[in-house]
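The values are calculated or read from the model by the stated rules, or taken from the named source; none is laboratory data. The model shown is predicted, which means the values in this text are computed figures rather than measured ones. Cβ sites come from the backbone with ideal geometry, for glycine too, and all protein chains shown count toward neighbours. In case anyone asks, the SASA skips ligands and DNA or RNA and just uses the protein heavy atoms, side chains included. Shrake-Rupley method; radii C 1.70, N 1.55, O 1.52, S 1.80 Å.
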Amino acid sequence: MLMRHSWSGYVTSGVTNRVVTEHLNMNWEALSQGGGLKLEKHDLLFKEPIARWDEALPLGNGLTGCLLWGDGAPLRFSLDRGDLWDLRLAPEVLDERFTYAELIDCVRRGDQEELQARFDSSYERYPYPTKLPAGRLELRMEQPADQVVSRLALREACAHVDLSFGSRTMQVSSFLHAENGLGYMRIAGEAGMSGKLAVVPPDYTGIHEEGGDHDVFNTSLTRLGFPAATLHEEGGLCWFHQKTLLELEYAIIVGERESAEGERLVVYAIAANHDGEAWLEEAKRKVKAALAEGYDGALRDHAAWWKLYWDKSSISLPDEEAEGMWLLTNYLLASCSRKGAPPMPLQGVWTADEGKLPPWKGDYHNDLNTQLSYWHYMKANRLEEGESFIDFLWELRPAARAFAQSFYDAPGINLPSVMTLKGGAMCGWPMYSLSITNHIWLCQAFDHYWLYTGDRTFLREKAYIYFKESAECVLRWLTPGEDGKLRLPVSSSPEFHDNRLAAWLDPMSNYDVALLMYLFRRLADMAERLELHEECNRWSAVLTQLPELAVNERDVLMVNPEESLTESHRHFSHMMAVYPLQLLDPRNSERDKKVVGASIYNLEVLGKGQWVGFSFAWAAAMYAQQGNGEAAIYHLQQMWRYLCSPNGFHLNGDFRNAGVTMFHYRPFTLESNFAAISALQDMLLHADGGTLRVFPAIPAEWAEREVAFRDFRGEMGIVISARMCAGQLEYVELRAERAGAFRLQNDFSGERLHLHRDGKTEVVVCGRNEIADIPLEAGESCTVTLMK
């Protein structure tokens, strides 16, 4: 039943399928009529053939991914693996003049042509470096199915597709094993026995039309110049072996057998030569062993892993859309980010399957994308999945140190803002791709991990070190200006003025000032906690020499002291001090409250015409911090409904042409999915600054019904659950992983709290908006209720 075939690139037309995420008490049989599928709450259901890869059913296990789509002629399994990269660097990056000093000189001379030639245009001139697709499997029927019903079971991470061909049917179930890394497929039904299974390598050698623009959305795989894959069949297995122009080699290995029940069992592996010396033979051995062991046992083990994952936290909302998107996004997290595997780049483990390079080459964008992708995991209590990012950054310290030395002529560490899996610079708009301060935003990942776990060993041995080494690089280029305040030689604010000369700002941008404030403020705090008094004084002294944030006469945060935002813009870099850095404190400072409010209002005045998906998620996060649940959920709904694919993938633009923004393209990236869920969680729990506030920003409609969350994480190792019903708090449960005094703000009616622990009840006098201090030992729990 196995076939071998080459892959020709193509683009299919989009068909918008309805995703059904309705209430449990609906008539599921009516929804799945003709498909025989058993639905659970928030499963994804498609009742038409899925016609595009970016609308497919996504499967993943952290390292490998699969997109299941098609009408049976064929049914496609588009495959990916997170560490498949063409790591060749552009010649410009290897040139000895590729330095920060040269960049500064070009900016000061106003030499736009030289800036682009040396630091920018190679991103599109060369197809490399880039993330690579793995290939695909195709189950080929003689004709398209008359009816296709597809379901993604989120809780079991398993895809099911029912196809009808007249009186004949085929049922396909598939999953990517959560632990052993293999892909499984079970094919049943009369029609399924006649379908031919093909293993299809990427088409690196097809006809490529020379000339024209090679932009980041339309570059053919053939431009990489790789040799054609070799195709093999032996001992019941079929595979292709793909070589590249560097060391990387990879393969997809497929095996098949018929079960005693007359069903077809298929097992596949995506293997690469960095798996070990005998990588290909070992992959073939694993596929054969898995075929012998069967489907059901593998599915049980796989489902058991996912059950433990879902047990880590949960929410219950009266808003089915919001609740469903929280579930789906956490599914995507575990599918594309696991400890021991690379963290998610722009598309996670779902590289484009259309014969082209992935959007923006599937790279690591460190001027927003990687950071937003890892905003939500700490509060969602999914530490191991997020540790992938922390471990990645830590392991790249040698590359970051080398880049700081070669490009910035500086000690310490700094990573390019557009980079490869190994931390190599990829160029692009240099005011952002080579910004010295973007690396500080990466530091926040270490800060969040320390604060939410309260792990002082991590603080001492990783977080403080990473911050300190980052500061050493930046300090090399901070010098006093005429006003005595420290300044950088060049400045910018993503992504104002795109890549024009006007994007180079003088005086320094609020973006750069905010990140520098954050860096040295957090360093001083960490040094104080570690009793490093001299170093604390050093960082505090630098902090006092930084300029203030620029605010105009309307109390609005400016782009820099010479420029205010006067038109709609996708990136809120000028408002970093509001969120995510939270340098301003509107709860305790009337001045800060006025600036935050005026700056958010200014965004409303300018409108959303030039927004993209992350703009809506970022705005929702700021509204949630402001306590404005109505505005927060409205912006989340706008993103989910108009800028996300039917399968939930964020597509950046208003691809439905609904008039939401001026951008109508559809490049898939993941960061906005996770940023949106972070904002949703902030509506349910504020935990920043050591004070816990439950349900601080929920819409009025929710408040009249039941809202709950279980096992969210707050700062210093506290785990929180809470529930409210009809506007009344029912309980807050606190479980301390580490000993401490935890602060809970009373945002509800009533001035007395009941504190229940160890079978005893204490009365705590705490007026509305006042804070109750609750000491807990490690491992101790308590429940707080309102005294009625």
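Before moving on, here are some points about what is shown:
- Test: residue in the stretch 555-562 that is in a loop (DSSP other than H, G, I, E, B) and either touching an Asp or Glu at 6+ places or on another chain (Cβ under 8 Å) or under 30 Å from L459 (Cβ atoms) (or both): yes
- Residues satisfying the stated conditions in the stretch 280-299, i.e. touching a residue at least 24 places away in the same chain (Cβ under 8 Å) and more than 19 Å from F175 (Cα to Cα): L280
- Selection of the stretch 539-553 for residues being without any contact (Cβ under 8 Å) to a residue 60 or more places away in the chain, open to solvent by less than 40 Å² (accessible area, probe 1.4 Å) and not polar (S, T, N, Q) yields L549, A550.
- Among the residues of the stretch 113-132, those identified as surrounded by 15 or more Cβ atoms within 10 Å (Cβ to Cβ) and either more than 22 Å from S220 (Cα to Cα) or among the aliphatic types (A, V, I, L, M) (or both) are E114, L115, Q116, R118, F119, L132.
- Tabulated pairs, the stretch 231-247, first under 22 Å from L265 (Cα atoms), second basic (K, R), C-beta under 6 angstrom, 6+ apart or interchain: L231/R4; L237/K284
- Scanning the stretch 697-720 for residues that are assigned to a loop (DSSP other than H, G, I, E, B) and open to solvent by 20 Å² or more (accessible area, probe 1.4 Å) yields I698, E704, R705, E715, M716.
- Residue match in the stretch 451-465 (condition: under 21 Å from A541 (Cα atoms), crowded, with 22+ Cβ neighbours inside 10 Å, at pLDDT 95 or above and among the aliphatic types (A, V, I, L, M)): yes
- Taking the criterion of being over 22 Å from T351 (Cβ atoms), in contact with a strand residue (DSSP E or B) (Cβ under 6 Å, 6 or more places away or on another chain) and open to solvent by less than 20 Å² (accessible area, probe 1.4 Å), the residues of the stretch 152-171 that qualify are L163, M170.
- Scanning the stretch 724-747 for residues that are surrounded by fewer than 18 Cβ atoms within 10 Å (Cβ to Cβ), out of contact with any helix residue (DSSP H, G or I) (no Cβ under 7 Å at 6 or more places or on another chain) and closer than 28 Å to E704 by Cα returns C725, A726, Q728, E730, Y731, E733, R735, D747.
- One residue from G276, G348, G324, G294 being of a type outside the set (D, E) and within 28 Å of V719 (Cα to Cα): G324
- Condition met for P201 (over 30 Å from Y309 (Cβ atoms) and either open to solvent by less than 20 Å² (accessible area, probe 1.4 Å) or modelled with pLDDT under 95 (or both)): yes
- Qualifying residue in the stretch 91-103 (condition: in contact with a strand residue (DSSP E or B) (Cβ under 8 Å, 6 or more places away or on another chain), of a type outside the set (K, R) and either farther than 30 Å from G276 by Cβ or open to solvent by 20 Å² or more (accessible area, probe 1.4 Å) (or both)): yes
- Meets criteria (free of Cβ contacts under 8 Å to residues at least 40 places away in the same chain and within 14 Å of L182 (Cα to Cα)) for G276: no
- For first residues located in the stretch 566-583 and under 18 Å from L606 (Cβ atoms) and β-branched (V, I, T), partners that are open to solvent by less than 10 Å² (accessible area, probe 1.4 Å) and part of a loop (DSSP other than H, G, I, E, B) and lie 6+ apart or on another chain with Cβ distances below 9 Å form the pairs V578/F572.
- Here K422 clears all of (1) touching a residue at least 60 places away in the same chain (Cβ under 8 Å); (2) part of a helix (DSSP H, G or I); (3) open to solvent by 40 Å² or more (accessible area, probe 1.4 Å) except the condition numbered (2).
- Of all the numbered requirements in (1) in contact with a strand residue (DSSP E or B) (Cβ under 8 Å, 6 or more places away or on another chain); (2) surrounded by fewer than 20 Cβ atoms within 10 Å (Cβ to Cβ), Q405 misses one, and that requirement is (1).
- Index of the failed condition, A617 passing every other in (1) in a loop (DSSP other than H, G, I, E, B); (2) crowded, with 18+ Cβ neighbours inside 10 Å: (1)
- Verdict on E387 being open to solvent by 20 Å² or more (accessible area, probe 1.4 Å) and assigned to a helix (DSSP H, G or I): yes
- Members of the stretch 175-189 found to be surrounded by 24 or more Cβ atoms within 10 Å (Cβ to Cβ) and among the small types (G, A, S), listed by number: G183
One line per residue, one yes/no per condition, for (1) modelled with pLDDT under 95; (2) assigned to a strand (DSSP E or B); (3) closer than 26 Å to F614 by Cα; (4) among the small types (G, A, S):
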{"position": "S491", "(1), (2), (3), (4)": "no, no, yes, yes"}
{"position": "P494", "(1), (2), (3), (4)": "no, no, yes, no"}
{"position": "A502", "(1), (2), (3), (4)": "no, no, yes, yes"}
{"position": "D506", "(1), (2), (3), (4)": "no, no, no, no"}
{"position": "D512", "(1), (2), (3), (4)": "no, no, yes, no"}
{"position": "L523", "(1), (2), (3), (4)": "no, no, no, no"}
{"position": "E528", "(1), (2), (3), (4)": "no, no, no, no"}
{"position": "A541", "(1), (2), (3), (4)": "no, no, no, yes"}
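- Scanning the stretch 287-323 for residues that are open to solvent by 60 Å² or more (accessible area, probe 1.4 Å) and closer than 26 Å to Q681 by Cβ yields a count of 3.
- Checked against (1) more than 15 Å from the chain's Cα centre (by Cα); (2) under 30 Å from A303 (Cα atoms); (3) hydroxyl-bearing (S, T, Y), S406 passes all but condition (2).
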